[in-house]
Amino acid sequence: MTEIKHLNNEKNGTFEIYFDGEKAGEMTYKWAGKDKFIIDHTEVDKAFGGKGLAKELVFAGAAYARENSKKIIPLCPYAKATFEKYEELQDLLF
């Protein structure tokens, strides 16, 4: 079972993902003004690889952006590839 925690201090933020109570990875971002943020890093520990956790992190960031009328600049290679792959995320691109 996964759980995602979102931390945001108005300059940057992190989405942390936990698998069976253990921190498995995170996605970090930086604010670029009030209406958009830059995803700059996505990482999942190798021990948790192959479970789709990195994708869950990107989709959690997308859900947050959608709920708060924000746009995303995915600079992280993984996040960028995920945005390119899933058409339903592309409306969030800045």
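Quick check on my filter: what residues within region 55-72 are charged (D, E, K, R) and either within 18 Å of LYS5 (Cα to Cα) or open to solvent by 60 Å² or more (accessible area, probe 1.4 Å) (or both)? Break it down into steps so the answer makes sense when it comes.
First pass over region 55-72, keeping only residues charged (D, E, K, R): 55-56, 66-67, 70-71.
Selection gives LYS55, GLU56, ARG66, GLU67, LYS71.
Where strands (runs of 3 or more DSSP E) fall entirely within region 12-59, those with at least 2 residues that are of a type in the set (Phe, Trp, Tyr) are at 12-19, 22-31. On inspection, LEU75 does not qualify as within 17 Å of THR14 (Cα to Cα), open to solvent by less than 80 Å² (accessible area, probe 1.4 Å) and free of Cβ contacts under 8 Å to residues at least 60 places away in the same chain. In region 35-47, the residues that are among the polar types (S, T, N, Q) reach residues that are open to solvent by 40 Å² or more (accessible area, probe 1.4 Å) with C-beta atoms within less than 6 angstrom, at least six apart or across chains, in these pairs: THR42/TYR78.
When restricted to residues that are under 15 Å from LEU92 (Cβ atoms) and open to solvent by 20 Å² or more (accessible area, probe 1.4 Å), region 34-54 contains 3.
The values are calculated or read from the model by the stated rules, or taken from the named source; none is laboratory data. None of these values were measured; they are calculated from a predicted model. Cβ coordinates were reconstructed from backbone atoms using ideal geometry, including for glycine residues, and neighbour counts include every protein chain displayed. For the accessible areas, the whole protein counts, side chains as well, though only heavy atoms, and no ligand, DNA or RNA atoms are used. Shrake-Rupley method; radii C 1.70, N 1.55, O 1.52, S 1.80 Å.
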